[in-house]
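Accompanying notes for the structure given below.
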Amino acid sequence: MQQQDAVFRALADPSRRSIFEQLTLGEAAVKDLTARFDISQPAVSQHLEKLRGAGLVSERREGRLVYYRVEPRGLRPLVDWLAHYQAFWLERLDKLRTLLEEMEE
Amino acid sequence: MSTNTETIVVEYTLPHAPRKVWRALTEPALLGAWLMQNDFEPKLGHEFTFRAKPMGEWDGIVRCKVLELDEPRKLVYSWRGGSGNSTLDTRVAWTLEATSSGTRLTLEHSGFLPMNAMAFQAMSKGWSGNVAERMSALLDDHAS
C-alpha cells in the first residue's frame, strides 16, 4: 500500500498530473516539457523526480539529454483492490474461525 | 452492474451450526471481533459502515447497505469505499449451507472492475477522456 500512497501523492499535484498527461503522448526531454508548460526547468525536473520515485515515469539518457517516458505499470498500485481484498479475506476468515472456536454453542 | 467484473470467492467448511456462524456474521460485537468495527443491524436496507485504521489516502471507512437477508442462509451487502482517486463499488455475499458436520460458508466479493478499467476510472476524474484512452492503449500493450 506504500507504493499506492506514493502514486496518489505524485498525481495529487495538478502540474505533475499535466506533465504525466503530456508524457502519455510520447517521450520527452526536460527542455521540451519546460517549453510546453509555464514552469521553470528546475521545477519540471523536480516534478519528474517525484513521478519517477512513484514509478510512474522512467528515464533514458542519450548524450547530455535525459528523456522521460510513462511507465504504464506504474499505475497498477493505484488499482489493485482485488489483490488487496484477496489477502484481506483469507486473513479475516482465519480470525472468524478462531472466534467460532471461542464462542459458546 | 457490468458483467465485466471480477469476483473473489472463498469457501470454508466450519464445524459449527449455521445459526452460530450467522451470529458471528450479524452481531456487531462478534462481527467487529473478526472483521471490523461496525454498526451493522440485520435489517433489509439498513445502511452501516465498517471502520478500520486509515491507510494512506484511504479513510478506513467502508460504506455498506443490507441488500439481502435470509437468516441463517444468506446475507448480502454493498461494500463501497476506496480512496479519493480509486473508488470501490462492490458487494459482499455470504451463503451458509448446513452440512452433516456443520456449515459450508461461501464468501463472494464481487464487482471488482478489471484493473485497467479501474485505472481509467480513477485517472479520468478531472482528466480528459483522451488521456484515459491513451493510457488504456499503453496498459494493453504492457499487459503481463
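The values are calculated or read from the model by the stated rules, or taken from the named source; none is laboratory data. Quick caveat, the model's predicted, so the values are computed rather than measured. Here the Cβ positions follow ideal geometry from the backbone for every residue, glycine too, while neighbour counts run over all protein chains shown.
For B:His16, the criteria (1) over 19 Å from B:Ala93 (Cβ atoms); (2) more than 10 Å from chain A (Cβ to nearest Cβ) hold in every case but one, which is (2).
For segment A:55-105, filtered to residues that are in contact with a Phe, Trp or Tyr (Cβ under 8 Å, 6 or more places away or on another chain) and among the hydroxyl-bearing types (Ser, Thr, Tyr), the residue that is surrounded by the fewest Cβ atoms within 10 Å (Cβ to Cβ) is A:Thr98. Remark: pairs (first residue in segment B:58-77, under 30 Å from A:Ala12 (Cα atoms); second residue outside any strand (DSSP E or B) and modelled with pLDDT of 95 or more; Cβ separation under 8 Å; 6+ apart in sequence or on different chains) = B:Cys64/B:Phe40. A Cβ distance below 8 Å, combined with a sequence gap of six or more or placement on separate chains, defines the contacts here; from segment A:81-105, residues that are more than 7 Å from chain B (Cβ to nearest Cβ) reach residues that are assigned to a helix (DSSP H, G or I) and surrounded by 12 or more Cβ atoms within 10 Å (Cβ to Cβ) in the pairs A:Thr98/B:Trp34.
Exactly one residue out of A:Leu90, A:Leu96 is under 30 Å from B:Leu30 (Cα atoms) and modelled with pLDDT of 95 or more, and it is A:Leu96.
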